[in-house]
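Comments concern the structure below.
Every read-out reported here was derived from the displayed coordinates using simple, explicitly stated rules and does not represent laboratory data. This is a predicted model, so every value here is computed, not measured. Counting neighbours? That spans all protein chains shown, and the Cβs are built from the backbone with ideal geometry, glycine included.
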Amino acid sequence: MSRIIITTDSTADITADIAEKYNIRVAPLHVLYDSEDFADGVDILPEDILNRFEENDQLPSTSAVTPEEYRQFFEGILNEGYTEIVHIAFASDMSSTYQNAVIAAQEFDQKIYIVDSRVLSCGMMLLAIRACELKDMGFSGKHIADSLTDLIPKNIGGFLLSQLEFLHKGGRCSSISLLGANLLNIKPSIVVNDGAMSVAKKYRGKDEVCRLKYMRDRIAEFEGQIDTSRIVLHTTCDLSDKERKYYKKELKKLIKCDEIIVSTAGCVITSHCGPGTFALFFMLK
């Protein structure tokens, strides 16, 4: 009898309870500080990145899981008796993780299906949960992988940034743009579409006001189209539990949903987007 397991990368920002509930395994990307190499979520946490930046004005770079690391990752799982793996990879246009996973999967005779999520963060989480549900319904690994590929256009995600300092430090934002955003108190929203990120609407004002407006706009944009089985409310670790509960309560006023998952950005999203980042992820019907 086939034993199937769902796996993904640390960029999926899978919460510990979701990973445990659905038995999802996670391959960590690398977080690099000069000669220091940390495994995302294993020996470095998002809090460490924010603390280092505050204390030393230092930001890391990030790099993909290597083919050899993927080979060891898959081998360890197969040695546990699993016969099929469906791996949901970070968008191929943003990282070499997908291609590296494909290379590693070719080393095995067992069925390993690598899905290019065309998204990042909680969009990957939503695909992973859906994959687990399909697995529990008795579908094969190939059917699950094909179904996820069909769902990718319906996977909606994006971020509202509180500031552009981290993007600027990482070379993804010019000094002029940074200065203009700071002077005008602009909070840009980023949408993720088919493996690419682009600036959408720009908000202006205090974080709380902008976040509430952002939620209203995103829900209104897809009114009547949203799969209300679950929505993910996603923030960086600097937001307090009280703040997260408040935004969850406000989201419930905007849309009736069976499940709202509140998750925290991992090291990759934190290092690129910076503190105060706020996001919604959901699927369309």
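Quick notes
- Dividing the helix sum by the residues of the chain, where each DSSP H run of 4 or more adds -39500 (n - 2.57), gives a mean residue ellipticity at 222 nm of -12000 deg cm²/dmol.
- One chain, two ends: Ala196 and Asp146. Fully extended at 0.36 nm per residue, the span grows by 15.9 nm beyond their Cα-Cα distance.
- Here the chain is described by how far its Cα atoms reach on the three principal axes: 60, 49, 30 Å, from widest to narrowest.
- For a label point 7 Å along the Cα-to-beta-carbon line of Ser61, residues of the range 87-121 with backbone N under 14 Å: 96
- Cα centroid separation, the range 251-275 to the range 27-106 (Å): 21 Å
- Bridge type composition, the chain - antiparallel percent by DSSP, nearest 5: 60 percent
- Annotation: amide H-H contacts under 5 Å for Ile190 (H modelled 1.01 Å from N, sequence separation of 5 or more, or interchain): Phe159, Leu160, Leu161, Ala200.
- Sparse packing (at most 10 other Cβ atoms within 10 Å of the Cβ) combined with a DSSP loop state is found for the following GluC sites (Glu not before Pro) in the range 1-88: Glu80.
- Neighbour-count ranking [beta-carbon atoms within 10 angstrom, fewest first] of Asp207, Asp194: Asp194, Asp207
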